[in-house]
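Just below is one structure, and these are the notes that go with it.
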Amino acid sequence: MTYVDKLRSARNTVQDCYMQYNEIRRKRPDAFIAFLEGYDAPYYLPFIESIIGTHPEQVICHNKANVISVYDSLLKKKLLKKAKTGFFVDRDYDINTVLIKDINNFYVTEGYSVENFYCTQTALERILKDYMHYNCAHKDYDVLVENYLTLQRQFNLAIVDFNAYYCSLKRNNIKVGWSLCESVPSQYVAVDFTNYTVVKGYNWETIRHNYPAKPVPSADDVKHNALWIMKNVVMNVRGKYEFSFLIKFLQSLPKVVNDPASGFENHPMNFSMGYADALSALAQYADKDDGLASYIRRRVA
């Protein structure tokens, strides 16, 4: 897709969102309308409803830039004054100074993205208790939590350099001709969920070769970003990587726990969901930061 094609596509998307907004306002003039980057409705909408008391409507804008463009369009057309709206975007590794300061109009995730909130210790504990039917008195509960945290720490240590490189690209506004997948490249990190081991398979030269950029970020800049990421690594690494790790951990549990040689007590369970289904099913267990509730209340005040 050429640059012109991308611009045309973006305009079409913004226009479509605008049309959806008008139709929702016609049918439900008092509804709260949430403008989302993607398919984050299971995370946001029930929480919004718990605060405002009625179910909100969603408009999917497909990316952060479109959420911002839709806001600017509605503001320019003076269509926001009487409407109840919210504009929700991921922090990513972008420089979001303007958006973060504009706390009355935009909610920017405290972590890299919504997915990071699914992967904290408290979220994992809710999943084990409410979805996997454990409780804190079960003899294996603490072991499973510690196994997750230990393996998660190893995993994040293995991927931090790759994340830091990508962070440097974004924060220096370096354009590239490639995009990242949901999971860390398989040849970069190998995780054994049975033996709880992680093997890192890349270095600085590997990254530069497989993910070229002009100019190449300096090693010092990448190191600086790696140190920043490690300050709160679960929230600062790329959310899709963290969430993919969580899914694979949960998928491994039935086999690991019910293996007679594992030492765990037999515990009937199943987890076979893929990324999209898990994002929906596990949304109720994910953390929410304090800023989200405050933002929603400001938007309906």
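Looking at the range 57-67, can you tell me whether even one residue there is at pLDDT 90 or above and more than 22 Å from Tyr295 (Cα to Cα)?
To start, the set of residues in the range 57-67 that are at pLDDT 90 or above comprises 57-67.
Now drop any that are not more than 22 Å from Tyr295 (Cα to Cα), which leaves none.
Looking for residues that are at pLDDT 90 or above and more than 22 Å from Tyr295 (Cα to Cα), one finds none in the range 57-67, hence no.
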Kindly establish whether Asp287 is surrounded by 14 or more Cβ atoms within 10 Å (Cβ to Cβ), in contact (Cβ under 8 Å) with a residue 60 or more places away in the chain and either of a type outside the set (A, V, I, L, M, F, W, C) or in contact with a Leu (Cβ under 7 Å, 6 or more places away or on another chain) (or both). yes
Count - residues of the range 121-143 that are closer than 12 Å to Leu282 by Cα, touching a residue at least 24 places away in the same chain (Cβ under 8 Å) and part of a helix (DSSP H, G or I): 6
As an exercise: evaluate Tyr148 against (1) under 27 Å from Val89 (Cβ atoms); (2) crowded, with 20+ Cβ neighbours inside 10 Å and give the number of the one condition it does not meet. (1)
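Quickly run through the range 192-248 and pick out the residues that are acidic (Asp, Glu) and open to solvent by less than 20 Å² (accessible area, probe 1.4 Å).
Glu242
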Scan the range 145-155 and tell me whether some residue there is basic (Lys, Arg), under 22 Å from Asn195 (Cα atoms) and not in a loop (DSSP other than H, G, I, E, B). yes
Within the range 120-152, residues over 18 Å from the mean Cα position of the chain (by Cα) and closer than 20 Å to Ile229 by Cα come out as Tyr148, Leu149, Thr150, Leu151
Every residue in the range 173-195 that is over 20 Å from Ser244 (Cα atoms) and either among the charged types (D, E, K, R) or in contact with a helix residue (DSSP H, G or I) (Cβ under 7 Å, 6 or more places away or on another chain) (or both), please. Lys175, Val176
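Keeping to the range 219-263, report how many residues are among the polar types (S, T, N, Q) and at pLDDT below 95. Quick ask: steps written out before the conclusion?
Keep residues of the range 219-263 that are among the polar types (S, T, N, Q), which gives 225, 232, 236, 244, 251-252, 258, 262.
Still in the running and at pLDDT below 95: 258, 262.
Of the residues in the range 219-263, 2 are among the polar types (S, T, N, Q) and at pLDDT below 95.
Could we say that Met273 is over 15 Å from the mean Cα position of the chain (by Cα), under 26 Å from Gln154 (Cβ atoms), touching a residue at least 60 places away in the same chain (Cβ under 8 Å) and open to solvent by 30 Å² or more (accessible area, probe 1.4 Å) here? Talk me through it step by step, then tell me what you get.
Numbers: over 15 Å from the mean Cα position of the chain (by Cα): yes; under 26 Å from Gln154 (Cβ atoms): yes; touching a residue at least 60 places away in the same chain (Cβ under 8 Å): no; open to solvent by 30 Å² or more (accessible area, probe 1.4 Å): yes.
Criteria not met by Met273.
Out of the range 290-299, which residues are among the hydrophobic types (A, V, I, L, M, F, W, C) and either open to solvent by 20 Å² or more (accessible area, probe 1.4 Å) or closer than 17 Å to Gly111 by Cα (or both)? Steps first, answer last, please.
Going residue by residue through the range 290-299, those that are among the hydrophobic types (A, V, I, L, M, F, W, C) are 292-293, 296.
Listed by number, the residues that qualify are Leu292, Ala293.
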Scanning the range 33-66 residue by residue, those more than 14 Å from Lys84 (Cα to Cα), assigned to a loop (DSSP other than H, G, I, E, B) and over 13 Å from the mean Cα position of the chain (by Cα) turn out to be Cys61, His62
Here's a check for you: in the range 170-211, which residue that is in a helix (DSSP H, G or I) and in contact (Cβ under 8 Å) with a residue 60 or more places away in the chain is farthest from the chain's Cα centre (by Cα)? Arg171
Considering only the range 257-275, state which residues are out of contact with any Lys or Arg (no Cβ under 7 Å at 6 or more places or on another chain) and acidic (Asp, Glu). Asp259
Pair list, Cβ < 6 Å and 6+ apart or interchain, from the range 28-55 residues that are without any contact (Cβ under 8 Å) to a residue 24 or more places away in the chain to residues that are in a strand (DSSP E or B) and of a type outside the set (S, T, N, Q): none
Could you list, in sequence order, the residues of the range 93-118 that are modelled with pLDDT of 85 or more and assigned to a helix (DSSP H, G or I)? Val114, Glu115, Asn116, Phe117, Tyr118
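The values are calculated or read from the model by the stated rules, or taken from the named source; none is laboratory data. Computed from a prediction, not measured in an experiment: that's the story for all the values here. Note: ideal-geometry Cβ built from the backbone for every residue, glycine included; neighbour counts use all protein chains shown. Note: accessible area is taken over every heavy atom of the protein model, side chains too, but ligands, DNA and RNA are not part of it. Shrake-Rupley method; radii C 1.70, N 1.55, O 1.52, S 1.80 Å.
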